[in-house]
1. Under a crude label model (7 Å from the Cα following the beta-carbon direction), how far is Asp7 from Asn132 in nanometres?
2. Modelled label-to-label distance, Ala197 and Glu181, 7 Å Cα→beta-carbon offset: nm?
3. Under 8 Å for C-alpha pairs, at least 6 residues apart: give me the relative contact order for the stretch 93-199, rounded to a whole percent.
4. Compute a Gaussian network model of the chain, connecting alpha carbons closer than 10 Å, and tell me which residue from Met96, Met24, Met148 fluctuates the most.
5. In percent, how large is the relative contact order of the stretch 11-119, given Cα pairs closer than 8 Å and 6 or more residues apart?
6. In debye to the nearest 20, how big a dipole does the chain give about its Cα centre with +1 on each Lys and Arg Cβ and -1 on each Asp and Glu Cβ?
7. Report, in cubic angstrom per residue, the convex hull volume of the C-alpha atoms of the stretch 21-82.
8. Can you pull out the chymotrypsin sites (Phe, Trp or Tyr not before Pro) in the stretch 106-152 that DSSP calls coil and that have at most 10 other Cβ atoms within 10 Å?
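The values are calculated or read from the model by the stated rules, or taken from the named source; none is laboratory data. Everything numeric in this text was worked out from a predicted model, so none of it was measured. Every residue, glycine among them, receives a Cβ derived from its backbone with ideal geometry; neighbour counts consider all protein chains shown. Surface accessibility is based on the protein's heavy atoms, side chains included, excluding ligands, DNA and RNA. Shrake-Rupley method; radii C 1.70, N 1.55, O 1.52, S 1.80 Å.
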Amino acid sequence: MSFKLPDLPYDYSALDPNIDAMTMEIHHSKHHNGYTTNLNNAIEGTDGEGKSIEDILANIGNYGTAIRNNGGGYYNHCLFWEIMSPNGGTPSGDLMNAIDSDLGGFESFKDSFAKAAATRFGSGWAWLYVNNGKLDVCSTPNQDNPLMPDAGCSGTPILALDVWEHAYYLKYQNRRPEYIENFFNVINWDEVSRKYAAAI
Ligand code: MN3
(Lines give C-alpha, C1' and ligand atoms only; values in the text may rest on other atoms or scores of the structure.)
Protein backbone atom coordinates (compact mmCIF):
# COMPACT_ATOMS: atom_id res chain seq x y z
CA MET A 1 0.00 0.00 0.00
CA SER A 2 1.39 3.37 -0.95
CA PHE A 3 0.09 6.84 -1.67
CA LYS A 4 -0.75 7.58 -5.28
CA LEU A 5 -0.71 10.84 -7.22
CA PRO A 6 -4.37 11.54 -8.08
CA ASP A 7 -5.39 12.53 -11.60
CA LEU A 8 -6.72 16.07 -11.89
CA PRO A 9 -10.52 16.20 -12.32
CA TYR A 10 -9.98 18.59 -15.30
CA ASP A 11 -7.36 19.36 -17.97
CA TYR A 12 -4.21 21.31 -17.16
CA SER A 13 -5.59 24.20 -19.24
CA ALA A 14 -9.07 24.15 -17.65
CA LEU A 15 -8.44 26.95 -15.12
CA ASP A 16 -6.82 29.30 -17.62
CA PRO A 17 -6.58 32.33 -17.55
CA ASN A 18 -6.91 32.31 -13.75
CA ILE A 19 -4.22 29.63 -13.42
CA ASP A 20 -2.24 28.86 -16.59
CA ALA A 21 -1.72 25.38 -18.04
CA MET A 22 2.06 25.27 -17.63
CA THR A 23 1.82 26.15 -13.94
CA MET A 24 -0.83 23.45 -13.45
CA GLU A 25 1.21 20.82 -15.30
CA ILE A 26 4.45 21.49 -13.42
CA HIS A 27 2.61 21.84 -10.11
CA HIS A 28 0.82 18.51 -10.48
CA SER A 29 3.28 16.33 -12.43
CA LYS A 30 6.48 17.60 -10.76
CA HIS A 31 5.75 19.17 -7.36
CA HIS A 32 2.82 17.02 -6.20
CA ASN A 33 4.40 13.95 -7.76
CA GLY A 34 7.57 14.70 -5.83
CA TYR A 35 5.76 15.01 -2.49
CA THR A 36 4.00 11.71 -3.21
CA THR A 37 7.21 9.82 -4.02
CA ASN A 38 9.09 11.32 -1.08
CA LEU A 39 6.20 10.53 1.29
CA ASN A 40 6.16 6.89 0.18
CA ASN A 41 9.93 6.65 0.67
CA ALA A 42 9.78 8.33 4.09
CA ILE A 43 6.88 6.22 5.40
CA GLU A 44 8.51 2.91 4.50
CA GLY A 45 9.47 1.01 7.63
CA THR A 46 7.58 3.35 9.99
CA ASP A 47 4.30 2.58 11.76
CA GLY A 48 2.63 4.95 9.30
CA GLU A 49 2.68 2.23 6.65
CA GLY A 50 -0.90 1.36 5.69
CA LYS A 51 -2.42 4.29 7.64
CA SER A 52 -4.53 7.01 6.06
CA ILE A 53 -2.90 10.36 5.38
CA GLU A 54 -5.43 12.01 7.73
CA ASP A 55 -4.41 9.63 10.54
CA ILE A 56 -0.71 10.33 9.95
CA LEU A 57 -1.20 14.12 9.92
CA ALA A 58 -3.36 14.02 13.08
CA ASN A 59 -0.45 12.29 14.85
CA ILE A 60 2.34 14.14 13.08
CA GLY A 61 4.35 14.52 16.30
CA ASN A 62 5.11 10.80 16.06
CA TYR A 63 6.88 11.25 12.73
CA GLY A 64 9.93 13.07 11.41
CA THR A 65 10.35 16.17 9.28
CA ALA A 66 10.30 14.32 5.95
CA ILE A 67 6.85 12.86 6.68
CA ARG A 68 5.58 16.20 7.95
CA ASN A 69 6.70 18.09 4.85
CA ASN A 70 5.85 15.47 2.23
CA GLY A 71 2.72 14.15 3.96
CA GLY A 72 1.43 17.71 4.26
CA GLY A 73 2.41 18.36 0.64
CA TYR A 74 0.63 15.21 -0.50
CA TYR A 75 -2.61 15.94 1.39
CA ASN A 76 -2.72 19.69 0.73
CA HIS A 77 -2.39 19.34 -3.04
CA CYS A 78 -4.99 16.53 -3.22
CA LEU A 79 -7.42 18.92 -1.53
CA PHE A 80 -6.35 21.90 -3.65
CA TRP A 81 -7.11 20.15 -6.98
CA GLU A 82 -10.51 18.97 -5.71
CA ILE A 83 -11.75 22.38 -4.60
CA MET A 84 -11.06 24.07 -7.94
CA SER A 85 -13.16 23.94 -11.12
CA PRO A 86 -13.47 25.87 -14.37
CA ASN A 87 -17.11 26.49 -13.35
CA GLY A 88 -16.59 28.59 -10.22
CA GLY A 89 -19.78 30.21 -8.93
CA THR A 90 -20.68 31.15 -5.39
CA PRO A 91 -21.45 29.24 -2.19
CA SER A 92 -25.07 28.42 -1.34
CA GLY A 93 -27.24 26.48 1.09
CA ASP A 94 -25.90 25.39 4.47
CA LEU A 95 -22.37 26.50 3.65
CA MET A 96 -23.49 30.02 2.72
CA ASN A 97 -25.59 30.19 5.91
CA ALA A 98 -22.52 29.20 7.93
CA ILE A 99 -20.36 31.78 6.14
CA ASP A 100 -22.98 34.37 7.13
CA SER A 101 -23.26 33.31 10.75
CA ASP A 102 -19.65 32.32 11.51
CA LEU A 103 -17.68 34.72 9.31
CA GLY A 104 -19.94 37.76 8.89
CA GLY A 105 -20.96 37.11 5.27
CA PHE A 106 -19.26 36.31 1.99
CA GLU A 107 -17.42 39.62 1.53
CA SER A 108 -16.06 39.44 5.05
CA PHE A 109 -14.96 35.82 4.50
CA LYS A 110 -13.31 36.76 1.20
CA ASP A 111 -11.42 39.64 2.81
CA SER A 112 -10.12 37.55 5.69
CA PHE A 113 -9.19 34.59 3.44
CA ALA A 114 -7.39 36.88 0.96
CA LYS A 115 -5.59 38.60 3.82
CA ALA A 116 -4.50 35.27 5.33
CA ALA A 117 -3.15 34.22 1.93
CA ALA A 118 -1.47 37.54 1.12
CA THR A 119 0.20 38.05 4.50
CA ARG A 120 1.61 34.52 4.89
CA PHE A 121 5.34 35.34 4.79
CA GLY A 122 7.29 33.02 2.51
CA SER A 123 5.69 29.70 1.56
CA GLY A 124 2.45 28.28 2.92
CA TRP A 125 -1.29 27.88 2.60
CA ALA A 126 -4.54 29.71 3.41
CA TRP A 127 -7.44 27.67 4.80
CA LEU A 128 -11.17 27.69 5.37
CA TYR A 129 -11.74 24.99 7.95
CA VAL A 130 -14.30 23.64 10.42
CA ASN A 131 -13.45 23.68 14.12
CA ASN A 132 -16.08 22.39 16.59
CA GLY A 133 -18.82 22.89 14.01
CA LYS A 134 -17.80 26.48 13.19
CA LEU A 135 -16.06 27.90 10.13
CA ASP A 136 -12.80 29.77 10.52
CA VAL A 137 -9.95 31.08 8.37
CA CYS A 138 -6.19 30.83 8.95
CA SER A 139 -2.88 30.35 7.22
CA THR A 140 -0.01 27.94 7.93
CA PRO A 141 3.65 27.86 6.87
CA ASN A 142 5.37 25.34 4.58
CA GLN A 143 3.16 22.24 4.01
CA ASP A 144 1.49 22.38 7.43
CA ASN A 145 -2.32 22.22 7.68
CA PRO A 146 -5.09 22.34 10.31
CA LEU A 147 -5.11 18.54 10.69
CA MET A 148 -1.71 18.83 12.40
CA PRO A 149 -2.26 19.48 16.11
CA ASP A 150 0.60 22.00 16.30
CA ALA A 151 -0.07 23.92 13.06
CA GLY A 152 -1.41 27.03 14.83
CA CYS A 153 -5.04 26.42 13.81
CA SER A 154 -6.91 23.18 14.24
CA GLY A 155 -9.83 21.53 12.47
CA THR A 156 -10.96 19.98 9.20
CA PRO A 157 -9.88 21.89 6.07
CA ILE A 158 -12.59 22.39 3.41
CA LEU A 159 -10.90 25.00 1.17
CA ALA A 160 -7.18 25.49 0.52
CA LEU A 161 -5.06 27.98 -1.38
CA ASP A 162 -1.41 27.27 -2.15
CA VAL A 163 0.65 30.47 -1.85
CA TRP A 164 4.05 28.92 -2.54
CA GLU A 165 5.68 30.84 -5.41
CA HIS A 166 5.59 27.66 -7.56
CA ALA A 167 1.78 27.97 -7.53
CA TYR A 168 1.68 31.34 -9.31
CA TYR A 169 5.09 32.75 -10.25
CA LEU A 170 5.12 31.81 -13.98
CA LYS A 171 2.01 33.90 -14.62
CA TYR A 172 1.86 36.39 -11.77
CA GLN A 173 5.53 36.80 -10.75
CA ASN A 174 5.48 38.87 -7.52
CA ARG A 175 1.76 39.72 -7.81
CA ARG A 176 0.45 37.26 -5.22
CA PRO A 177 -2.67 39.41 -4.44
CA GLU A 178 -3.77 39.19 -8.10
CA TYR A 179 -3.40 35.38 -8.03
CA ILE A 180 -5.47 35.28 -4.84
CA GLU A 181 -8.19 37.48 -6.35
CA ASN A 182 -8.42 35.28 -9.46
CA PHE A 183 -8.49 32.08 -7.38
CA PHE A 184 -12.00 33.11 -6.31
CA ASN A 185 -13.09 32.61 -9.96
CA VAL A 186 -12.21 28.90 -9.90
CA ILE A 187 -13.44 27.68 -6.50
CA ASN A 188 -15.58 24.54 -6.79
CA TRP A 189 -18.21 25.55 -4.20
CA ASP A 190 -20.21 22.35 -4.71
CA GLU A 191 -17.18 20.37 -3.57
CA VAL A 192 -16.46 22.76 -0.68
CA SER A 193 -20.12 22.32 0.39
CA ARG A 194 -19.71 18.53 0.34
CA LYS A 195 -16.59 18.79 2.48
CA TYR A 196 -18.40 21.17 4.85
CA ALA A 197 -21.31 18.73 5.25
CA ALA A 198 -18.89 15.86 5.92
CA ALA A 199 -16.90 17.93 8.45
CA ILE A 200 -19.88 18.96 10.58
MN1 MN3 B 1 2.23 23.60 -4.30
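1. Each label point lies 7 Å from its Cα, and together they span 4.3 nm.
2. Label at Ala197, label at Glu181, 3.4 nm between them.
3. Answer for the stretch 93-199 is 24 percent.
4. In the Gaussian network model the winner is Met96.
5. On the way: 54 pairs, mean separation 23.9, N = 109.
Across the stretch 11-119, relative contact order equals 22 percent.
6. On the way: 13 positive and 25 negative charges, 64 e Å.
The dipole of the chain has a size of about 300 debye.
7. Numbers: hull volume 4.6 nm³, N = 62.
Residue-normalised Cα hull volume stands at 74 Å³.
8. Phe121
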